[in-house]
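First comes the structure, then the notes that go with it.
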Amino acid sequence: MPSLDMEGPYPLRPEAISACITVKAPGNFAIGHLVNNRFTVLYVGRGESNLPKAVQDMVGRHKDFRLFKFSYAVSAAAAFQKHCRHYHEFSRGGKLLNKRHPESKIGLVCPYCE
Ligand SMILES: [Zn+2]
């Protein structure tokens, strides 16, 4: 079972995001909804420097985007690597709505691609 290593889930609403993610830092998030009372991941993302803004940008993007989980990262590079891990682990189930593999703006290579 893939693991997110994140806090939550919390409602994907602007006030809840502001209350939960209080530091403008790099980090990761997962968006999803409950299926049979289990948090099911639909989208994984990251913020390179401003995690709360990255999550706010997801509000209202899809009718099933109801809940989010998040974690802070020590650096943009760490956030990229965790984003890649999530992408690979959760795309196996076929439910992920991410259309493309995460891309690095600073030339990092995914450690999970073969
Ligand atoms: Zn990869």
For Ser3, are the conditions met, namely being of a type in the set (Gly, Ala, Ser), assigned to a loop (DSSP other than H, G, I, E, B), over 10 Å from the mean Cα position of the chain (by Cα) and on the phi < 0 side of the Ramachandran plot?
yes
Scan (1) surrounded by fewer than 13 Cβ atoms within 10 Å (Cβ to Cβ); (2) within 16 Å of the ligand (Cβ to nearest atom) for the single condition Gly60 breaks and write down its number.
(2)
Of all the residues that make up the stretch 8-42, how many are more than 19 Å from Ala76 (Cα to Cα) and in contact (Cβ under 8 Å) with a residue 24 or more places away in the chain?
18
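Residues are listed down the side, and each one gets a yes or a no for (1) farther than 13 Å from Leu4 by Cβ; (2) among the aliphatic types (A, V, I, L, M); (3) away from the ligand (no atom under 11 Å from the Cβ):
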{"residue": "Arg66", "(1), (2), (3)": "yes, no, yes"}
{"residue": "Ala76", "(1), (2), (3)": "yes, yes, yes"}
{"residue": "Lys82", "(1), (2), (3)": "no, no, yes"}
{"residue": "Ser91", "(1), (2), (3)": "yes, no, no"}
{"residue": "Lys95", "(1), (2), (3)": "yes, no, yes"}
{"residue": "Gly107", "(1), (2), (3)": "yes, no, yes"}
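No value in this document is a laboratory result; all are computed from the given coordinates. Bear in mind the structure is a predicted one, so any value in this text is a computation, not a measurement. Every residue, glycine among them, receives a Cβ derived from its backbone with ideal geometry; neighbour counts consider all protein chains shown.
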